[in-house]
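The structure under discussion appears below in the form of structure tokens.
Where a number appears in this text, it was derived from the coordinates with a stated rule and is not lab data. Everything quoted here is computed from the prediction, not taken from an experiment. So basically every Cβ, Gly included, is an ideal-geometry build from the backbone, and we count neighbours across all protein chains shown.
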Amino acid sequence: MAKMMGPRFKQCRRLGLNVCGHPKAMDRATRGTSRADKKLSPYGLQLLEKQRLRAYYGVLERQFSNCVKKAMKAQGETGTVLVQLLECRLDNLVYRLGLASSIRQARQMVVHGHILVNGNKVDRPSYGVSVGEKISLREKSKKNSMFIDSFQQNANSQYSYLSKDLDDVSGTLTKIPERNEVPIEINDILVVEYYSKLK
């Protein structure tokens, strides 16, 4: 299965934004290391914003462009719908719930069958979680101290669109997140403009 690899901190410095969520990701960032430090054309700004959004969710170009097409066909603002589609991916919600310390670890947990959705094993990181669906660890995986420790350490990290059950080591998507509730620094209008020119 294809996936985004390469050094995460270097990617953050190049994009000029902490897209991996690690507190030390930008420690070595200096003026000139980011592409955002250079004078960019309107197309360059759109491309940079697209690459930042892709990096936030760790998706490849083909998956990402499919999400954009889906967002363009949906009702509502395309940029908002795009972010909502990406935010409701199973691997991302596993990360948001604190079951994993990074999006890459969350993706691996899903692929390896550690995650259940409404009691059924789902091994597709791109699975779109619907409102009301419960995400949990399979029973055998609850014996893994790394998963449990990560979940407990992130017990206080709350998102308004997720509810956590600390005893059951699980969480539920309670609603589709509003754009201002999603913790990413992205101008999604530029992303939509980038793909509109490719049509």
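Normalised by the residues of segment 139-187, what does the relative contact order come to in percent, with Cα pairs under 8 Å and at least six apart? Display every interim value, and only then the final one.
On the way: 28 pairs, mean separation 12.6, N = 49.
Reported as a whole number, the value is 26 percent.
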Regarding segment 129-171, what's the average projected area of the Cα-atom convex hull, expressed in nm²? 3.2
Tell me the label-point distance for the pair Gln152, Asp167, using the 7 Å Cα-to-Cβ offset, in nm and rounded to one decimal. 1.7
Scaled by the rule-of-thumb 2.2 N^0.38 Å, the alpha carbon Rg for the chain gives a ratio of 1.04
Which of Gln75, Gln108, Gln11 fluctuates most in a GNM of the chain (C-alpha springs under 10 Å)? That residue is Gln75
Sequence-distant or interchain residues sharing an amide H contact under 5 Å with Lys134, placed H: which? Asn118
Can you tell which of Asp188, Asp123, Asp165 shows the greatest fluctuation in a Gaussian network model of the chain with Cα springs below 10 Å? Asp165
One point scatterer per Cα, no solvent, Debye formula: log10 I(q)/I(0) for segment 147-199 at q = 0.17 Å⁻¹ comes out as -0.69
Over 31 Å (Cα to Cα) among Lys70/Lys134; Lys10/Lys197; Lys73/Lys140; Lys70/Lys164; Lys69/Lys121 -> Lys73/Lys140
Among Arg52, Arg62, Arg179, which one shows the biggest mean-square fluctuation in a GNM of the chain, springs joining Cα atoms closer than 10 Å? Arg62
Tell me, Kirkwood radius of segment 88-173 from alpha-carbon pair distances, in Å? 12.3
Long-range share for segment 43-154, i.e. C-alpha pairs more than 16 Å apart as a percent of all pairs, stands at 60
³J(HN,Hα), Karplus 6.51/-1.76/1.60, whole Hz, each residue of segment 97-106, x for Gly, Pro: 6, x, 6, 10, 8, 8, 5, 5, 5, 4
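Can you give the calculated 222 nm mean residue ellipticity of the chain, where each DSSP H run of n ≥ 4 adds -39,500 (n - 2.57) and the sum is split over every residue, rounded to the nearest 500 deg cm²/dmol?
Details: 8 runs with 83 residues, N = 199.
Taken over the chain, the calculation gives -12500 deg cm²/dmol.
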